[in-house]
Structure formats: structure tokens, C-alpha cells
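**Q** This is the structure I have questions about; it appears just below.
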Amino acid sequence: MLAFIRFVKFFMVMQGKKGLVMGMANKFSIAFGISEALKNRGAELIFTAQNEYFQNKISDMARDFGGHDVVLCDVSKDGEIEQAFDKILNTVGALDFIVHSIAFSDKNELIGKYYNTTRANFLNAMNISCYSFTEVCKFAPKLMPNGGSLVTMTYYGSEKVVPNYNVMALAKSALETSVRYLADDLGEFGIRVNAISAGPIKTLAASGVGEFSKVLAYDRNRSPLKRNVTLEDIGNACAFLLSDLSSGVTGEIVHVDCGCNTIGVKF
Ligand code: NAD
């Protein structure tokens, strides 16, 4: 019996925890994989969506995951993050964690030379993919008065050149640096801030990156695990970072990529 209780306690690491997931577009989204992993471990979830189209698209899934209405939040618009967070606070009360799984670039600029990036898309990509996480963190102490954990999503293109990733690579480099500064800012509130650097996975956002299937095949070949990463792999790692199992981990970029980032040359 004691062994069973220990097993349940170990597996249900999110039991009694409540959190917000930002960026679920459909069942192929990384945010969907994360939500499944969190729900399976006992978490209660609430969601935001960029607009009414996505709000309608995910409302049934959101109900399955937590029973709450999806809150609208276009992170590129002034005041929307704060408004959405106030609504969430009034609906479900204090949170224990937030998942930020949001990025955007004009897909016409995710092919070819990086130097063709326009100023407008540079600023928009930085705003949505990087700055929005800073703003989320600014309001985190209000939403998580008892401490908590935040996770955002990044990619290896921030560290090394990946064809066609272009402006998104710069946004991810800035996002990763912001994770370290935000972890330092929020440490005094008992709030941890980390990022997962996920291997390539076929999603709506990823389908906008030129020649993406070649990147998938390249990683499959060089990966020590001889496969691409799955939504479950990412969800499980995220559950660890949001749970008390990672209580001493903050300011980290955790690679969940089947080991691809560790490989220099592969024949
Ligand atoms: P996705 O298309 O399923 O999710 C992207 C989400 O961003 C969508 O829900 C979209 O509505 C949201 N979004 C875009 N602009 C927004 C705005 N203005 N306001 C609010 N939300 C907005 O794709 P995904 O691959 O699951 O992407 C999730 C995160 O994972 C992104 O940060 C992405 O860069 C990152 N990531 C993806 C991969 C991959 O290969 N798919 C790898 C590493 C990291």
C-alpha cells in the first residue's frame, strides 16, 4: 500500500496545481502535448487564445483539460496580457505555473536569405516571440503570489545556423537571454523561469519554415536516439520543469531534442 501511495505521489506530480497554457492552436501544437502531460499528472488548466478563430477551435479541448472558458489574449496588443490575467485571476484564483508556447514570423521571410528580413517583420517577430514572454513574467508575481514556475519554448536555431529559420533564430536567442534575466528578476518571489529547446516537430507554426521536412530528416539521422522528438517527450520534460521535482532549477535552457544539440559531426 505504501509503495502504491509513493508511486501515485511520484506520478501525479502536478496534483493540486493550477496553471495557464498560452499558445494551443490544435492537437498538433506543442502546447497540446504539454497540456496532456500536465493533465495526466493531475494539473488543472486554463487557456488563452490569440483570437476568436483559435478560441472556437480549442474550446472543446480546453473544457476536457480544465473545464474553463478560453480567455482571449493577442500578446502583440498593448494591455491584452494584463487584461487576460485579471480575468483568469478572477475566474480560477492564484496560479502555480504558466506555459508560454507562442511565436510568429511572416512565413514569406522563413525561406532564403536572412538579410532579406524586413524591419516590420523583425520587430513583429521579436514582439510576439520574445517580448510577450517578458510581459507575461512582469505580471507573474500577481498571478502566482505563492511562487511558481514558468516555461517558454525555444529552438536550436538560436545557437547554430539552421537554413530558413532566419529572424526566428534571433527572436529565440533574445528569448533565451531573457529567460536568464527573468529568472533573476523573479527569484525573490519564489518564481522559477526556464525554457525548453525542443527538437523540430511538425506543427502549424513549423509548417511555415521553408524546407522543414529536410530539417526533420537531418535530425533523425544525427540524433543519438535515432528519432525525432515527440509531443509526449516535450510534455513530460515540461511537467518536470513545472513541478516541484525541479525546485532548484531556474534560468535554464533544457534541450529536449533526442540529443541532437550534442552532436558535432555525424557520418
Ligand atoms: P503552433 O502553431 O501550434 O503554436 C503557435 C501558437 O502561437 C499558436 O497557438 C498561435 O495562435 C500563437 N500565437 C501567434 N501569434 C500570437 C499572438 N499575437 N498572440 C497570441 N498567440 C499567438 O506551433 P508550435 O510549434 O506548437 O509552437 C509553439 C512554440 O514552440 C513556439 O514558440 C515555437 O517557436 C516553439 N518551437 C517549435 C518547434 C517546432 O519544431 N514545432 C521547435 C522548437 C520550438
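**Q** Using only the alpha carbons of segment 21-155, what is the convex hull's orientation-averaged projected area in square nanometres? Walk me through the intermediate numbers first.
**A** Working: hull surface 34.5 nm².
Over all viewing directions, segment 21-155 projects a mean Cα-hull area of 8.6 nm².
**Q** For segment 127-249, list log₁₀ I(q)/I(0) at each q in 0.15, 0.16 Å⁻¹, using the Debye formula over Cα point scatterers of equal strength and ignoring solvent, two decimals each.
**A** Rounded to two decimals, the profile gives -0.76, -0.84.
**Q** At 1.4 Å probe size, with no ligands or nucleic acids counted, give the accessible surface of ARG180 in Å², nearest ten.
**A** The accessible area of ARG180 comes to roughly 120 Å².
**Q** So what does ASP219 come to for accessible area, using a 1.4 Å probe and Å² rounded to 10?
**A** Ignoring ligands and nucleic acids, ASP219 comes out at about 10 Å².
**Q** Quick one: among VAL209, VAL136, VAL249, which has the greatest mean-square fluctuation in a GNM of the chain with alpha-carbon springs under 10 angstrom?
**A** Between VAL209, VAL136, VAL249, it is VAL249 that shows the largest mean-square fluctuation.
**Q** Averaged per residue, what accessible surface does the chain expose to a 1.4 Å probe, in Å²?
**A** Details: 13200 Å² over 267 residues.
On a per-residue basis, 49 Å².
**Q** I want to verify the translational diffusion coefficient of the chain in µm²/s; compute it with Stokes-Einstein, Rh as the Kirkwood radius over Cα pairs, at 4 °C and 1.567 mPa s. Could the numbers behind the result be given before it?
**A** Working: Rh = 18.8 Å.
Taking Rh from Cα pairs, D becomes 69 µm²/s.
**Q** So what's the back-of-envelope 222 nm ellipticity for the chain, counting only DSSP H runs of four-plus at -39500 (n - 2.57) apiece and dividing by all residues, rounded to 500? All intermediate terms of the calculation are to be shown ahead of the outcome.
**A** Values: 10 runs with 112 residues, N = 267.
When only DSSP H runs of four or more count, the value is -13000 deg cm²/dmol.
**Q** Could you order HIS255, HIS100, HIS68 by accessible surface area, starting with the largest, using a probe radius of 1.4 Å? Don't skip to the answer; put the middle values down first.
**A** Numbers: HIS255 65, HIS100 0, HIS68 40 Å².
Order by accessible area, largest first: HIS255, HIS68, HIS100.
**Q** Can you pull out the trypsin sites (Lys or Arg not before Pro) in segment 138-170 whose DSSP state is coil and whose Cβ has at most 13 other Cβ atoms within 10 Å?
**A** LYS160
**Q** Could you give the DSSP H helices of the chain that reach 24 angstrom or more along their long axis (alpha carbon positions) and whose average Kyte-Doolittle hydropathy is no lower than 0.0? Don't skip to the end; give the middle numbers.
**A** Values: long enough: 166-186 (30 Å, 0.32).
Helices meeting the criterion: 166-186.
**Q** Where in segment 214-267 are there trypsin sites (Lys or Arg not before Pro) that are in a DSSP coil and have at most 10 other Cβ atoms within 10 angstrom of their Cβ?
**A** Filter output for segment 214-267: LYS226, LYS266.
**Q** Given a 1.4 Å probe and every protein chain left where it sits, what share in percent of the accessible area of the chain is carbon and sulfur?
**A** Numbers: 7270 of 13200 Å².
So the carbon and sulfur contribution to the accessible surface is 55 percent.
The values are calculated or read from the model by the stated rules, or taken from the named source; none is laboratory data. Small disclaimer: the values here were computed from a predicted structure and weren't measured. No Cβ is skipped: glycine too gets one built from the backbone with ideal geometry, and neighbour counts run over all protein chains shown. What goes into the accessible areas is simple: the full protein's heavy atoms, side chains included, and nothing from ligands, DNA or RNA. Shrake-Rupley method; radii C 1.70, N 1.55, O 1.52, S 1.80 Å.
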